[in-house]
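The values are calculated or read from the model by the stated rules, or taken from the named source; none is laboratory data. Here the structure is a predicted model, which is why all the values come from computation and not from measurement. With ideal geometry, Cβ positions are generated from the backbone for all residues, glycine too; neighbour counts draw on all protein chains shown. With ligands, DNA and RNA removed, areas are computed over all heavy atoms of the protein, side chains included. Shrake-Rupley method; radii C 1.70, N 1.55, O 1.52, S 1.80 Å.
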Amino acid sequence: MTTKLLVVDDEPHMAEITAETLRRAGYAVDVAGSGTEALARARSSAPDLMLLDYEMPDMQAPEVLDGLRSGADRVAFPVIVLTGARHSPSDQVVAIERGAFDYIAKGTDREVLLARVRGALRERASVDRVVVRGRLRIEVSKGQAFLGSTALKLERRPLLMLQLLAQRSGDVVPRSELLEKVWGTSYKGFEHSLEQAVHQIRREVREPKWIDTVRGIGYRLVVQP
């Protein structure tokens with residue numbers, strides 16, 4: 001089955017350049033000219049991945065990301081935010097905290113763009129597995145996690161973080177690795193987001209011994225009876 005992408009950009013020429021680059025790489029590509037149109041298309045026929053312009057006349061990328069949230073407050077497919085002017089770390093933090101997978105500048109080299117797209121699609125494929133550790137069950141593809149019969153209401157990145165900790169249960173996962181694999185960055189500005197994710201996991205699990213903090217290194221999942 002051909003992978004379906006959606007390019008969202010209010011500049012028709014730029015949108016078509018991006019779309020054509022992706023079509024030549026073998027993807028099926030649709031184009032939306034506004035945030036409103038993007039939300040409508042995503043709801044009627046969700047793409048496998050969206051490339052989303054940060055600034056558009058009707059709404060900015062964080063608003064579109066909020067509109068895409070569903071289920072356990074997660075975006076159901078990877079979104080790569082494209083920007084022509086919003087390059088500051090604070091803009092990147094906002095977009096990624098609202099559910100974007102990646103954040104890159106318009107005009108980025110073709111091969112780099114395609115590598116980012118392939119990476120996002122690989123990540124989506126990798127989270128389709130179910131992870132079970134004792135009473136903990138994680139189904140990232142459905143945006144779900146359960147402790148026994150209790151559903152845990154987790155946003156996408158805390159859910160991905162919990163999955164990574166569960167896959168390596170008993171081992172300490174360094175903070176740097178969590179940032180790289182869950183947030184897709186080594187930028188220390190996301191340290192606060194990581195701490196918030198741990199807080200959200202602990203709040204939902206309600207059994208503090210499941211997540212062990214190894215001071216100065218990272219975190220470890222300890223399966224409880």
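Just check the range 9-78 against the gyration tensor rule for me: Cα atoms, a ≥ b ≥ c as the square roots of the eigenvalues, rounded for a/c under 1.5, and otherwise prolate or oblate depending on whether a/b exceeds b/c.
Working: a/c = 2.23, a/b = 1.32, b/c = 1.69.
Verdict is oblate for the range 9-78.
Roughly how many percent of the accessible protein surface of the chain is carbon and sulfur, given a 1.4 Å probe and a whole-percent answer? Please list the in-between numbers first.
Details: 5450 of 10820 Å².
Result for the chain: 50 percent of the exposed heavy-atom area is carbon or sulfur.
Say R0 is 30 Å: what FRET efficiency, to the nearest 0.05, do residue 16 and residue 66 get from their beta-carbon distance?
Values: r = 27 Å, r/R0 = 0.90.
Calculated value: 0.65.
What percent do you get for the relative contact order of the range 90-187 when only Cα pairs under 8 Å and 6+ apart count?
Details: 83 pairs, mean separation 17.9, N = 98.
Value for the range 90-187: 18 percent.
Hey, got the dipole for the chain? About the Cα centre, +1 on K and R Cβ, -1 on D and E Cβ, debye to the nearest 20?
Values: 33 positive and 31 negative charges, 263 e Å.
Rounded to the nearest 20 debye, it is 1260 debye.
Hand me the tally of lysine pairs in the chain: alpha carbons under 30 angstrom apart, and the pair either on different chains or 8 or more positions apart.
15
How much accessible surface does residue 50 have with a 1.4 Å probe, in Å² rounded to 10?
0 Å²
With every protein chain left in place, what is the accessible area per residue of the range 19-156 in square angstrom, probe 1.4 Å? Could you put the intermediate results ahead of the total?
Details: 6230 Å² over 138 residues.
That works out to 45 Å² for each residue.
Can you give the helix-only mean residue ellipticity at 222 nm for the chain, where every DSSP H stretch with n ≥ 4 adds -39500 (n - 2.57) and the sum goes over all residues, rounded to the nearest 500 deg cm²/dmol? Can you show the working numbers first?
Working: 8 runs with 88 residues, N = 225.
So the helix-based figure for the chain works out to -12000 deg cm²/dmol.
Hey, what did the chain get for relative contact order, percent, Cα under 8 Å, at least 6 apart? Kindly include the intermediate steps, with their values, before the conclusion.
Working: 371 pairs, mean separation 31.0, N = 225.
Computed value for the chain: 14 percent relative contact order.
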